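The structure appears below as structure tokens.
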Amino acid sequence: MDEVLVNHQRRIFNNWDIVAKGWYIACPSRDLLKAKAKSVEICGQRIVVYRGEDGKVRALDAYCPHMGTDLGIGKVDGNMIRCFFHHWAFDEQGQCLDIPCQTAIPKQAQTQSYATAEKYDFIWVYPEANAPNPVAEFDELKGKQIVTIHDKPLERSCHHHICMMNGIDAQHLRTVHNIDINMDLFLNHNQLGNIIDFTLKGELPKTTFKERIGRKILGANYEYSMRYADGCIGLLTIMKNVRILPSLHMIFAYTPVVEGKTRIQPIYVAEKRKGIFGWLLTRLFLLLTKMAYYMLRDEDGQIYDNIRFHPNLLLSIDAPISKYMNYANQLEPSKWSKKVRSEK
């Protein structure tokens, strides 16, 4: 047996004490109207998100640095947020700009701000004031208008890094899903190191009647890809280069909730097409994407709700798993990590 080596020198993979720098979902965009604020829990942090009068979303540590009142119960004032308790006003950088009872503002009157983005009908928060990269996209859809629908989030009883490896586990495609395809792995990293792309290609078998029908409809070869961004977002593209369908796209956004639990938000994405027929076609492709996800979800759930991951004996077929683990171990811990917070 060929064993595959994993770099454990910097253990970020499967480590509940580390929150890697990356984009995490705060809430659906529709839940935050103009001039409204709400507080949310993200990776164990209480964060206030608010939409200013200009329509832009901001995010700050939720607890006012004065006496600790949750800013989420405060009031949006222009593009600032005022604390409900003493009406201190903070801008999007977390700087206090107004204290009603006095003109002087202490230098310490500030709180942590976070980068935000609105994409795929969600508000995303990055655990730093500035994000070095945007929320990940599909290469095939860049520059195009898209339509998204999202499912109810679900929870799994393991770390999100373990859930994320599902799409590149070649063994379980055969043993769990009865998809018997010998696939070759192609790997690509971006320059920043926060994105890794796995592409798997293989020839569809023709042993069974079902497989022969599949070859006639889809063609002789099958290909799909997984793009992992920041160790917390997975972008899956299936039905690549088949005969009768365009590629189908789905996103899995992962957030650690408490130790032992991960929240997964499925999002289905399709290119927007013009006209009534185009609208119907787009909805059909979104429905097919959702159906493909549901075909595999429950079987996979049995695994990831009943696992204590121990990669002590990886085989050559597990090379994608080891490569993902090495990728996760080189990610950057954020200030939301327990170790980073304890060192302050």
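The values are calculated or read from the model by the stated rules, or taken from the named source; none is laboratory data. Not measured: the values here are computed from a predicted model. Neighbour counts are summed over all protein chains in view; Cβ atoms, including those assigned to glycine, are modelled from backbone coordinates with ideal geometry.
What do you reckon, is Thr237 in a strand (DSSP E or B), assigned by TED's automatic domain parsing to the domain that holds Cys163 and crowded, with 20+ Cβ neighbours inside 10 Å? When the stated conditions are applied, Thr237 passes them.
Would you check if Gly55 is modelled with pLDDT of 95 or more, surrounded by fewer than 17 Cβ atoms within 10 Å (Cβ to Cβ) and closer than 30 Å to Arg273 by Cβ?
Details: modelled with pLDDT of 95 or more: yes; surrounded by fewer than 17 Cβ atoms within 10 Å (Cβ to Cβ): yes; closer than 30 Å to Arg273 by Cβ: yes.
So Gly55 fits the description; yes.
Scan the range 101-123 and tell me whether some residue there is at pLDDT 95 or above, assigned to a loop (DSSP other than H, G, I, E, B), closer than 21 Å to Asp61 by Cα and touching a Lys or Arg at 6+ places or on another chain (Cβ under 9 Å). The answer is yes; a qualifying residue exists. Which residue, of Asp305, Asp300, Asp230, is farther than 27 Å from Gln45 by Cα and not assigned by TED's automatic domain parsing to the domain that holds Lys119? When all the criteria are applied, what remains is Asp300.
Of all the residues that make up the range 267-296, how many are touching a Leu at 6+ places or on another chain (Cβ under 8 Å) and touching a residue at least 24 places away in the same chain (Cβ under 8 Å)? Break it down into steps so the answer makes sense when it comes.
Keep residues of the range 267-296 that are touching a Leu at 6+ places or on another chain (Cβ under 8 Å), which gives 268-271, 273, 285, 288-289, 292.
Subsequent filtering for residues that are touching a residue at least 24 places away in the same chain (Cβ under 8 Å) retains 268-271, 285, 288-289, 292.
Here the count works out to 8.
A quick yes/no check of all residues on (1) assigned by TED's automatic domain parsing to the domain that holds Val269; (2) closer than 14 Å to Ile251 by Cα:
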| position | (1), (2) |
| --- | --- |
| Tyr114 | no, no |
| Pro153 | yes, yes |
| Ser157 | yes, no |
| Cys163 | yes, yes |
| Ile168 | yes, no |
| Val176 | yes, no |
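For the range 270-319, a residue qualifies if it is surrounded by fewer than 16 Cβ atoms within 10 Å (Cβ to Cβ) and among the β-branched types (Val, Ile, Thr), and the qualifying residues are Ile276, Ile307. Just so you know, in the range 100-145 the residues that are surrounded by 17 or more Cβ atoms within 10 Å (Cβ to Cβ) and of a type in the set (Val, Ile, Thr) include one that is nearest to Ile195 (Cα to Cα), and it is Val135.
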